[in-house]
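K.L.:
Okay, handing you the structure first.
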Amino acid sequence: MKLPQALPRGLLLIGLGLGPMLAFAGVPEKAPNAGAPYSAKGADTCLSCHDDPEVVDVFHTAHAQPNDARTPFGKGGLQCEACHGPGGNHAKRVKKGESRPSMIKFGRTAATPVGVQNAMCLGCHEQTAVANWHMGPHDVNNVSCAACHDSHKAKDAVLARATQPDVCYTCHVAERSQFQKVYAHPVRQGKLACSDCHAPHGTVAQKQLVRATVNDTCYECHAEKRGPLLWEHQPVTEDCSTCHAPHGSSNPGMVKQRGPLLCQSCHSQQGHPSFGYGPSGLPGNAAPATALALGNCMNCHSQVHGSNHPSGSSLTR
Ligand code: HEC
Ligand code: HEC
Ligand code: HEC
Ligand code: HEC
Ligand code: HEC
Ligand code: HEC
Ligand code: HEC
Ligand code: HEC
Ligand code: HEC
Ligand code: HEC
C-alpha cells in the first residue's frame, strides 16, 4: 500500500492561505479536543497506534488524493486531524491511571455531539455537495453525516445504487417493507436508489424530493405521462401519488386501491359514472351489464392518465 508522505503540520502553509478550508472553519468549541495542538507528524503519528485495516482503508478513499490540495491528504492538508480534530494531546503517552484525551468520534451513537461531527465535514463541503443541508429534516433531526457515510471505506455503501437502500433502512424501517411488496419500484433489484427521487442532503421540496413536486419527480423517468394532453384527468396532473403508492403496493400498477374502489373514492355512486362494485351497489339500470362483468373501470376508461384522441373526453380511447 502506498501511504502519502506525512507532511509537517502546515502552519506556514495555512498562514499563507494555502491550507485546507478547514483551517479557516476551525474546530468547533464543543469538540472534545478544541484548542489542543496538532500532532507532530500527522498521519504517521496516528498510524503508530492505529494501524488496523479498517482505519488504514481511508487511504483508498476520495479523501486521500495527494495531488488535490482540497482533500485532507492533499498537500498541506491536516490529514486525519482534518476530520478528527487536533491530536497533539491524544497522541501523547498517557500516564498510569489517567485517561487518553478524546478525539472527535463519528457516528450516530458517538459521544461527540452531532453538530460538532458535522461541522468538521461541512467545513469543506457546505459550499458544494451539501449546500441545502440546513433546510432538510436530517439536519433538523440531528442525523450525522457519518450515519450515512462510511469515510474509512473505499466503497462507501450509500454512494452505490445496490447498497444505498440498506443504509437508509437502518432508520427508515417502514420503507423497507414498502419496497418488498409485489408491485414496487425496482429498488430491491438495484435499478433505482432512494436518491433517484430524494435529495438526502436537504431541499425545500416536500418529502425531500429531488424536484419541486411529486409529479416533476415522476416525469424524470416517466416523461410520457407529462402533458399537456387534449383531455386531461385532473388528479393525474395534480399529484401522481393520489393514486400510486410511490414506493410499492400489493396492487398491480402500484395503485393504492384496486380498480373500481380507487376510482370510486372520487367518482360518485349515483348512476353511471357511478355504479358500485357489486350487485347491491348497482343503481337501477344505469350501469351497462358488461361493466359488472368487466369489473374494472379501466376496461373502458383505459386512458386514465389522459387522452390525446379527438373523442377521448371520457378517457376511453
Ligand atoms: C499512542 C497511541 C495513540 C496515538 C499516537 C493516537 N491514538 Fe487515537 N487512540 C488511542 C487509543 C488507545 C484509543 C482508545 C481510547 C479509549 O478507548 O479510551 C484511541 C482512540 C481514538 C479515536 C476514537 C475516539 C476517542 O477519542 O476515543 C480516534 C478517532 C482516534 N484515536 C484518532 C487518532 C488520531 C487522528 C491520531 C493522530 C493524530 C491518533 N488517534 C493517535 C491511541 C493512540
Ligand atoms: C479538508 C476538507 C475535507 C473534509 C474535512 C472532508 N472532506 Fe469530504 N471531500 C473533500 C474533497 C476535496 C473531496 C473530493 C471532491 C471531488 O473529488 O470533487 C471529498 C469527497 C467526499 C465524498 C465523495 C466521495 C466519493 O467517493 O466520491 C464524500 C461522500 C465526502 N467527501 C464526505 C465527507 C464527510 C462525511 C466528511 C466528514 C466526516 C468529510 N467528507 C470531510 C474534502 C473534505
Ligand atoms: C441520509 C443519508 C445522508 C446523510 C445524512 C449525508 N449524506 Fe452525503 N450523500 C448521501 C447520498 C445518498 C449521496 C449520493 C447522492 C447521489 O447519488 O445523488 C451522498 C453524496 C455525498 C457527497 C458526494 C457528492 C457528489 O456530488 O459526489 C458528499 C461530498 C457528501 N455526500 C457529503 C456529506 C456531508 C458533508 C454530510 C453531512 C453534513 C452528508 N453527506 C450527510 C447520503 C447522505
Ligand atoms: C474524511 C474524514 C476522516 C478522515 C480524513 C479520517 N477519518 Fe477516521 N473516522 C472518520 C469517520 C466518519 C469515522 C466513523 C466511522 C466511519 O464512518 O468509518 C472514523 C472512525 C475512525 C476511528 C474509529 C473510532 C471509533 O469510533 O472507535 C479511528 C481510530 C479513526 N477514524 C482514525 C483515523 C486515522 C488514524 C486517520 C488518518 C490515517 C483518520 N481516521 C482519517 C472520518 C475520518
Ligand atoms: C440515522 C437515521 C437516518 C438515516 C440513516 C436516514 N434517515 Fe432519513 N430521516 C431520518 C429522520 C430522523 C428524519 C425526520 C423524521 C422523519 O420524517 O421520519 C428523516 C427524514 C427523511 C425524509 C423526509 C420525510 C418527510 O416526511 O419529509 C426522507 C425522504 C428521508 N429521510 C430519506 C432518507 C434516505 C433516502 C436515506 C438514505 C440515503 C435516509 N433518509 C437515511 C433519519 C435517518
Ligand atoms: C420513485 C421515486 C421514489 C423512490 C425510489 C423512493 N421514494 Fe421515498 N418517497 C417518494 C415520494 C413521491 C414520496 C412522497 C409520498 C407522499 O407524499 O405520499 C416519498 C416519501 C418518502 C418518505 C416520507 C414518508 C412519510 O410517511 O412521510 C420517506 C421517509 C422516504 N420516502 C424514504 C425513502 C427511502 C428510504 C427510499 C429508498 C429505500 C425511497 N424513499 C425511495 C418517492 C420515492
Ligand atoms: C429514476 C427513475 C424513476 C422515477 C423518478 C420514477 N420511476 Fe416509476 N418506474 C421506474 C422504473 C425503472 C420502473 C420499472 C419499469 C419496468 O419494470 O419496466 C417504474 C415503474 C413504475 C410503475 C409501474 C409499476 C408496474 O407494476 O407496472 C408506476 C405506476 C410508476 N413507476 C410510478 C411512478 C411514480 C408515481 C413516480 C413518481 C413518484 C415514479 N414512478 C418515479 C423508474 C422511475
Ligand atoms: C386517477 C388515478 C391515477 C393517477 C392520478 C395516476 N395514475 Fe398511473 N395508473 C393508474 C392506474 C389505474 C394504472 C393501471 C394499474 C394497473 O395496471 O392495473 C396506472 C398505471 C401507471 C403506470 C404503469 C402502466 C403505464 O401506463 O405505463 C405508470 C408508469 C404510471 N401509472 C405512472 C403515473 C404517473 C407518472 C402519474 C402522475 C403523472 C400517474 N401515474 C398518475 C392510475 C393513476
Ligand atoms: C382523486 C380523485 C379522483 C380519482 C381517484 C379518480 N378521478 Fe376521475 N376525475 C376526477 C376529477 C376531479 C375529474 C374532472 C371532473 C370534471 O372535470 O368535472 C375526473 C374526470 C374523469 C373522467 C372524465 C369525465 C369528464 O366528464 O371529463 C373520467 C372518465 C374519469 N375521471 C375516470 C376515472 C377513473 C376510471 C378512475 C379510476 C382509475 C378515476 N377517474 C379516478 C377525480 C378523480
Ligand atoms: C363498459 C364500459 C365502462 C365501464 C366498465 C365504466 N365506464 Fe364510465 N363511461 C363509459 C362510457 C362509454 C362513458 C361515456 C358516456 C357518455 O359520454 O355519455 C363513460 C363515462 C364516464 C364518466 C364521465 C361521465 C360524464 O359525466 O361525462 C365517468 C366519470 C366515468 N365514466 C367513470 C367510471 C367509473 C368510476 C367506472 C368504474 C366504477 C366506470 N366509469 C366504468 C363506459 C364505462
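The values are calculated or read from the model by the stated rules, or taken from the named source; none is laboratory data. Since the structure is predicted, the reported quantities are computational estimates derived from the model, not experimental observations. Virtual Cβ from ideal backbone geometry, glycine too; neighbours counted across all protein chains shown. Ligands, DNA and RNA are excluded from the accessible area calculation, which covers all protein heavy atoms including side chains. Shrake-Rupley method; radii C 1.70, N 1.55, O 1.52, S 1.80 Å.
K.L.:
Could you check, for segment 124-142, whether at least one of its residues is over 17 Å from the mean Cα position of the chain (by Cα) and not in a loop (DSSP other than H, G, I, E, B)? Step through it out loud before you land on a result.
P.N.:
Residues of segment 124-142 over 17 Å from the mean Cα position of the chain (by Cα): 124, 127.
From the residues that got through so far, the ones that are not in a loop (DSSP other than H, G, I, E, B) too are 124.
Yes, the conditions are met somewhere in segment 124-142.
K.L.:
Taking the stated definitions as given, is A119 away from ligand 6 (no atom under 16 Å from the Cβ) and farther than 23 Å from R70 by Cβ? Give the derivation first.
P.N.:
Details: away from ligand 6 (no atom under 16 Å from the Cβ): yes; farther than 23 Å from R70 by Cβ: no.
Considered against the rule, which asks whether it is away from ligand 6 (no atom under 16 Å from the Cβ) and farther than 23 Å from R70 by Cβ, A119 comes out as no.
K.L.:
Continuing with the same structure: Considering every residue within segment 142-159, establish whether at least one is out of contact with any helix residue (DSSP H, G or I) (no Cβ under 7 Å at 6 or more places or on another chain), open to solvent by 50 Å² or more (accessible area, probe 1.4 Å) and within 16 Å of ligand 7 (Cβ to nearest atom).
P.N.:
no
Residues checked against (1) at pLDDT 95 or above; (2) part of a loop (DSSP other than H, G, I, E, B); (3) within 16 Å of ligand 3 (Cβ to nearest atom); (4) in the same structural domain as W133 (by TED's automatic domain parsing):
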residue	(1), (2), (3), (4)
S241	yes, no, no, no
L262	no, no, no, no
Q270	no, yes, no, no
P273	no, yes, no, no
G276	no, yes, no, no
H301	no, yes, no, no
H305	yes, yes, no, no
S313	no, yes, no, no
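K.L.:
Quick one: which residue in V214, V173 is farther than 17 Å from S241 by Cβ, out of contact with any strand residue (DSSP E or B) (no Cβ under 7 Å at 6 or more places or on another chain) and among the hydrophobic types (A, V, I, L, M, F, W, C)?
P.N.:
On the way: V214 fails: farther than 17 Å from S241 by Cβ.
Being farther than 17 Å from S241 by Cβ, out of contact with any strand residue (DSSP E or B) (no Cβ under 7 Å at 6 or more places or on another chain) and among the hydrophobic types (A, V, I, L, M, F, W, C) holds for just one of V214, V173, which is V173.
K.L.:
Only one of these conditions is not met by A146: (1) within 29 Å of N215 (Cβ to Cβ); (2) more than 16 Å from ligand 8 (Cβ to nearest atom); (3) assigned to a helix (DSSP H, G or I). Which number is it?
P.N.:
(1)
K.L.:
Being more than 16 Å from ligand 10 (Cβ to nearest atom), crowded, with 16+ Cβ neighbours inside 10 Å, touching a residue at least 60 places away in the same chain (Cβ under 8 Å) and assigned to a loop (DSSP other than H, G, I, E, B): is that true of G88 here? Even if it seems obvious, please write down each step before you answer.
P.N.:
Values: more than 16 Å from ligand 10 (Cβ to nearest atom): yes; crowded, with 16+ Cβ neighbours inside 10 Å: yes; touching a residue at least 60 places away in the same chain (Cβ under 8 Å): no; assigned to a loop (DSSP other than H, G, I, E, B): yes.
Judged against the criteria, G88 is not a match.
K.L.:
Taking only pairs six or more apart or across chains, which ones have beta-carbon atoms under 8 Å, a first residue in segment 29-48 that is within 12 Å of K92 (Cα to Cα) and of a type in the set (F, W, Y), and a second residue that is open to solvent by 40 Å² or more (accessible area, probe 1.4 Å) and away from ligand 9 (no atom under 16 Å from the Cβ)?
P.N.:
Y38/R9
K.L.:
For segment 222-258, enumerate the residues that are closer than 24 Å to S177 by Cβ and within 13 Å of ligand 10 (Cβ to nearest atom).
P.N.:
Result: C243, Q257, R258.
Here's the yes/no breakdown for (1) in the same structural domain as M135 (by TED's automatic domain parsing); (2) hydroxyl-bearing (S, T, Y); (3) surrounded by fewer than 16 Cβ atoms within 10 Å (Cβ to Cβ):
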{"residue": "T170", "(1), (2), (3)": "no, yes, yes"}
{"residue": "Q189", "(1), (2), (3)": "no, no, yes"}
{"residue": "K207", "(1), (2), (3)": "no, no, yes"}
{"residue": "V210", "(1), (2), (3)": "no, no, yes"}
{"residue": "T217", "(1), (2), (3)": "no, yes, no"}
{"residue": "H222", "(1), (2), (3)": "no, no, yes"}
{"residue": "H247", "(1), (2), (3)": "no, no, no"}
{"residue": "S250", "(1), (2), (3)": "no, yes, yes"}
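K.L.:
Right, another one. If you take the residues of segment 161-187 that are in contact (Cβ under 8 Å) with a residue 12 or more places away in the chain and among the small types (G, A, S), which of them is nearest to S249 (Cα to Cα)?
P.N.:
Here the residue is A184.
K.L.:
Quick one: count up the residues across segment 227-261 that are closer than 20 Å to N308 by Cα and within 15 Å of ligand 6 (Cβ to nearest atom).
P.N.:
Step one: filter segment 227-261 for residues closer than 20 Å to N308 by Cα, giving 227-240.
Filter again for within 15 Å of ligand 6 (Cβ to nearest atom), leaving 235-236, 238-240.
Going through segment 227-261 one residue at a time, the tally reaches 5.
K.L.:
Answer yes or no as to whether G74 is surrounded by fewer than 17 Cβ atoms within 10 Å (Cβ to Cβ) and either within 16 Å of ligand 3 (Cβ to nearest atom) or closer than 30 Å to K207 by Cα (or both). Outline the logic, then answer.
P.N.:
Values: surrounded by fewer than 17 Cβ atoms within 10 Å (Cβ to Cβ): no; either within 16 Å of ligand 3 (Cβ to nearest atom) or closer than 30 Å to K207 by Cα (or both): yes.
For G74, the condition - surrounded by fewer than 17 Cβ atoms within 10 Å (Cβ to Cβ) and either within 16 Å of ligand 3 (Cβ to nearest atom) or closer than 30 Å to K207 by Cα (or both) - is not met.
K.L.:
Another question, then. Determine whether Q65 is more than 22 Å from V167 (Cα to Cα), among the polar types (S, T, N, Q) and open to solvent by 60 Å² or more (accessible area, probe 1.4 Å). Walk me through it before giving the result.
P.N.:
Details: more than 22 Å from V167 (Cα to Cα): yes; among the polar types (S, T, N, Q): yes; open to solvent by 60 Å² or more (accessible area, probe 1.4 Å): yes.
In short, yes.
K.L.:
Moving on. List the number of the failed condition for P165; all other conditions in (1) surrounded by 16 or more Cβ atoms within 10 Å (Cβ to Cβ); (2) in the same structural domain as E29 (by TED's automatic domain parsing); (3) of a type outside the set (D, E, K, R) hold.
P.N.:
(2)
K.L.:
Test V173 against the stated conditions and say whether it is more than 16 Å from ligand 1 (Cβ to nearest atom) and closer than 22 Å to V130 by Cβ.
P.N.:
Working: more than 16 Å from ligand 1 (Cβ to nearest atom): yes; closer than 22 Å to V130 by Cβ: no.
Considered against the rule, which asks whether it is more than 16 Å from ligand 1 (Cβ to nearest atom) and closer than 22 Å to V130 by Cβ, V173 comes out as no.
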